[in-house]
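Asker: The following block contains the structure, expressed as structure tokens.
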Amino acid sequence: MSTICVLGLGYIGLPTGSMFALAGNDVIGVDPSPRVQKALEAGLASLDEPELQTLITAAINSGRLKVRMRPEPADAFIIAVPTPLEAATSTADLGYVETAARQIAPLLRRGNLVVLESTVPPGTTRDVLAPILGESGLVPGVDFHLAHCPERVLPGRILVELEQNDRLAGGLTPACAEAAAELYRSFVKGAIMRTDATIAELVKVMENTYRDVNVALANEFALIAERIGVDVWEAIRLANHHPRVNVLTPGPGVGGHCIAVDPWFLVGAAPDLAALIRAARQVNDGMPAHVVERLTAMVAPPAPIAVLGVTYKAEVDDIRESPALRVAQLAVERGYTVRLCDPHVRPDTPGLPAPLLALPQALRDAQAILLLVDHRAFHDLDVDLAASLVSGKRVLDARNVVDRELWQSRGFEVGVLGATLASVGAPVGRDSHEYLHL
Ligand code: SAJ
């Protein structure tokens, strides 16, 4: 059993640190955020993630998870800090990784292991992290182990996937990979694949780029289907009966701190070669504006609009890079009177472009409903309640969740992303829309 210092107690660091603690390691969790500190001191999960509260409570009660402001000496250090996109240059901002490395360097001892979990452009472990840690006077790969073990968990399923997913242990040397694999073996049930650090970095960004490009393809199909007047949802359902076709789900765009960001790391690595990756990003980034165009075709500003869903995807509380938020922002800029509604988001969340209200208040007297996130709560939306509250019976559904016939039977004009008004009336089968279950 080891002492493990985890730097960054966010979506990855907090559950990972807790898993290590429950596996019998002594974990020092480090996060400078007073909000995170306060929540954890009170024994509360600072994130809305299934089962996370149970895990945190168990980890804290085990006495093996401690929270600190600064790192302390340990056998292993895990860096799980954000690597946001620098908007002006579309490159990775490695500031948090560099700061973490500078904090670790003076604590390093011979035989330690340092693992970078954050997603980074290929080459970062070798060319950025190793030199900073080397300022300790110890030689990376000789005096201490250094590895990149990217997280691969899906928000909404973090706990299950942390344990079950196969993992990469990308070492600066084969011995580094071995040391990292041994560490994660304490709670990972999936396979742990040893490789080189830069390959592991490339694999991680390839995975998210693959998903981004595939969502972009689904979104482009939706735009084409609208142009030619057919229903993309029906077309995708039928195409996915082919044994080697699996078209993903169109929507108002791609958000979150990973898929909307990581492909740029590859564009940055080879700008002249990454044409497809860049084009996919542009298609996905263009979706919010398209949704607002569709809204404008239904009802003119300054009509009051109920925007259902603010998070970047269903059943999470995360609004980072959320396309729904972008749609709301664009609608505000167009002059609509926007009311937001999202059961997963707190009304006092900073940065919301409009007031966040409970469902009845958001719907009351609205001229249109804009459905942007397929939260379960919106699947179950009571059409009669909606009909009794709104004053304009219009719904624009960017996730294909409303029962079109039912809503039409209550007098609603139903618009669906990827289908024209004419094709919305056509029969639609249902067997492959829930991408989370693919
Ligand atoms: N989306 C669609 N249609 C789809 C699938 C997704 O519009 O068919 C949208 C979502 O609504 C959301 C965005 O894409 O806005 C991303 O959602 P997601 O569920 O695809 O992925 P994330 O960002 O929550 O998590 C991804 C995962 N990567 C892959 O599936 C390859 C996860 O395994 C990674 O660990 C995570 O990124 C990460 O942290 O890198």
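Asker: Just checking, which of Pro252, Pro304, Pro263 is within 16 Å of the ligand (Cβ to nearest atom), crowded, with 19+ Cβ neighbours inside 10 Å and touching a residue at least 60 places away in the same chain (Cβ under 8 Å)?
Answerer: Pro252
Asker: Determine which single condition Glu72 fails, assuming it passes every other condition in (1) exposed (fewer than 14 other Cβ atoms within 10 Å of the Cβ); (2) on the phi > 0 side of the Ramachandran plot; (3) in contact (Cβ under 8 Å) with a residue 40 or more places away in the chain.
Answerer: With (1) exposed (fewer than 14 other Cβ atoms within 10 Å of the Cβ); (2) on the phi > 0 side of the Ramachandran plot; (3) in contact (Cβ under 8 Å) with a residue 40 or more places away in the chain applied to Glu72, the lone miss is (2).
Asker: Let me ask another. For region 392-417, give me each residue that is in contact (Cβ under 8 Å) with a residue 60 or more places away in the chain and more than 25 Å from Ile319 (Cα to Cα).
Answerer: Residues satisfying the conditions are Gly392, Arg394, Glu413.
Asker: While we're looking at this one, here's another question. Among the residues of region 228-244, are any outside any loop (DSSP other than H, G, I, E, B) and within 22 Å of the chain's Cα centre (by Cα)?
Answerer: Kept after step one, since they are outside any loop (DSSP other than H, G, I, E, B), are these residues of region 228-244: 228, 232-239.
Those still in the list that are within 22 Å of the chain's Cα centre (by Cα) too: none.
Checked region 228-244: no residue is outside any loop (DSSP other than H, G, I, E, B) and within 22 Å of the chain's Cα centre (by Cα).
Asker: If we keep just the residues of region 158-174 that are touching a residue at least 12 places away in the same chain (Cβ under 8 Å) and surrounded by fewer than 16 Cβ atoms within 10 Å (Cβ to Cβ), which is nearest to Phe144 (Cα to Cα)? Explain how you work it out, then say what you get.
Answerer: Looking only at region 158-174, we keep the residues that are touching a residue at least 12 places away in the same chain (Cβ under 8 Å), and these are 158-159, 162-174.
Next cut, surrounded by fewer than 16 Cβ atoms within 10 Å (Cβ to Cβ) only: 163-164, 166, 174.
Working: Glu163: 26, Gln164: 28, Asp166: 25, Pro174: 13 Å.
The selected residue is Pro174.
Asker: Could you say which residue among Ala225, Ala179, Ala175 is away from the ligand (no atom under 12 Å from the Cβ) and either outside the structural domain of Gly24 (by TED's automatic domain parsing) or of a type in the set (Lys, Arg) (or both)?
Answerer: Ala225
Asker: Of the conditions (1) away from the ligand (no atom under 16 Å from the Cβ); (2) surrounded by 24 or more Cβ atoms within 10 Å (Cβ to Cβ); (3) of a type in the set (A, V, I, L, M, F, W, C), Val373 satisfies every one except a single condition; which number is it?
Answerer: With (1) away from the ligand (no atom under 16 Å from the Cβ); (2) surrounded by 24 or more Cβ atoms within 10 Å (Cβ to Cβ); (3) of a type in the set (A, V, I, L, M, F, W, C) applied to Val373, the lone miss is (1).
Asker: Mind checking whether some residue in region 122-142 is without any contact (Cβ under 8 Å) to a residue 60 or more places away in the chain, surrounded by 17 or more Cβ atoms within 10 Å (Cβ to Cβ) and of a type in the set (Ser, Thr, Tyr)?
Answerer: Yes: one or more hits.
Asker: While we're on this one: Restricting attention to region 158-185, report how many residues are in contact with a strand residue (DSSP E or B) (Cβ under 9 Å, 6 or more places away or on another chain) and among the polar types (S, T, N, Q).
Answerer: Number satisfying all stated conditions: 1.
Asker: Answer yes or no as to whether Arg326 is under 18 Å from Pro252 (Cα atoms), away from the ligand (no atom under 16 Å from the Cβ), charged (D, E, K, R) and in contact with a Pro (Cβ under 7 Å, 6 or more places away or on another chain).
Answerer: Spelling it out, it is not the case that Arg326 is under 18 Å from Pro252 (Cα atoms), away from the ligand (no atom under 16 Å from the Cβ), charged (D, E, K, R) and in contact with a Pro (Cβ under 7 Å, 6 or more places away or on another chain).
Asker: Test Ile277 against the criterion of being among the aliphatic types (A, V, I, L, M) and within 30 Å of Gly141 (Cβ to Cβ), and give yes or no.
Answerer: Working: among the aliphatic types (A, V, I, L, M): yes; within 30 Å of Gly141 (Cβ to Cβ): no.
No.
Asker: Another question, then. Just checking, which of Gly24, Gly29, Gly43 is of a type outside the set (D, E, K, R), touching a residue at least 60 places away in the same chain (Cβ under 8 Å) and in the same structural domain as Glu72 (by TED's automatic domain parsing)?
Answerer: It is Gly24.
Asker: Just checking, which of Glu220, Glu293 is surrounded by fewer than 14 Cβ atoms within 10 Å (Cβ to Cβ) and in a helix (DSSP H, G or I)? Talk me through it step by step, then tell me what you get.
Answerer: On the way: Glu220 fails: surrounded by fewer than 14 Cβ atoms within 10 Å (Cβ to Cβ).
Of Glu220, Glu293, the one residue that is surrounded by fewer than 14 Cβ atoms within 10 Å (Cβ to Cβ) and in a helix (DSSP H, G or I) is Glu293.
Asker: Could I ask something else about it? Quick one: which of Val345, Val310 is within 18 Å of the chain's Cα centre (by Cα), of a type outside the set (Ser, Thr, Tyr), within 13 Å of the ligand (Cβ to nearest atom) and in a loop (DSSP other than H, G, I, E, B)?
Answerer: Unique residue meeting the criteria: Val310.
Asker: With a cut-off of at least 3 residues that are within 24 Å of Pro84 (Cβ to Cβ) and more than 19 Å from the chain's Cα centre (by Cα), name the helices (runs of 4 or more DSSP H) lying wholly within region 94-206.
Answerer: The helices (runs of 4 or more DSSP H) meeting that bar are 95-104, 130-134.
Asker: Assess whether Glu315 counts as being within 11 Å of the ligand (Cβ to nearest atom), over 18 Å from Asp212 (Cα atoms) and in the same structural domain as Gly415 (by TED's automatic domain parsing). First the steps, then the outcome.
Answerer: Numbers: within 11 Å of the ligand (Cβ to nearest atom): yes; over 18 Å from Asp212 (Cα atoms): yes; in the same structural domain as Gly415 (by TED's automatic domain parsing): yes.
Taking the combined requirement at face value, the residue satisfies it.
To keep it simple, each residue is scored yes or no on (1) under 29 Å from Arg294 (Cα atoms); (2) more than 12 Å from the ligand (Cβ to nearest atom); (3) not aliphatic (A, V, I, L, M).
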{"position": "Arg185", "(1), (2), (3)": "no, yes, yes"}
{"position": "Ala218", "(1), (2), (3)": "yes, no, no"}
{"position": "Phe221", "(1), (2), (3)": "yes, no, yes"}
{"position": "Gly256", "(1), (2), (3)": "yes, no, yes"}
{"position": "Ile259", "(1), (2), (3)": "yes, no, no"}
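Asker: Looking at (1) in the same structural domain as Ile236 (by TED's automatic domain parsing); (2) away from the ligand (no atom under 16 Å from the Cβ), which is the only condition Thr195 fails?
Answerer: The single condition Thr195 does not satisfy is (1).
Asker: Could you go through region 176-184 and let me know if any residue there is in contact with a Pro (Cβ under 8 Å, 6 or more places away or on another chain), among the small types (Gly, Ala, Ser) and touching a residue at least 60 places away in the same chain (Cβ under 8 Å).
Answerer: There is no residue in region 176-184 that is in contact with a Pro (Cβ under 8 Å, 6 or more places away or on another chain), among the small types (Gly, Ala, Ser) and touching a residue at least 60 places away in the same chain (Cβ under 8 Å).
The values are calculated or read from the model by the stated rules, or taken from the named source; none is laboratory data. These figures come from a predicted structure and were not determined experimentally. We place every Cβ from the backbone using ideal geometry, glycine too, and count neighbours over all the protein chains shown.
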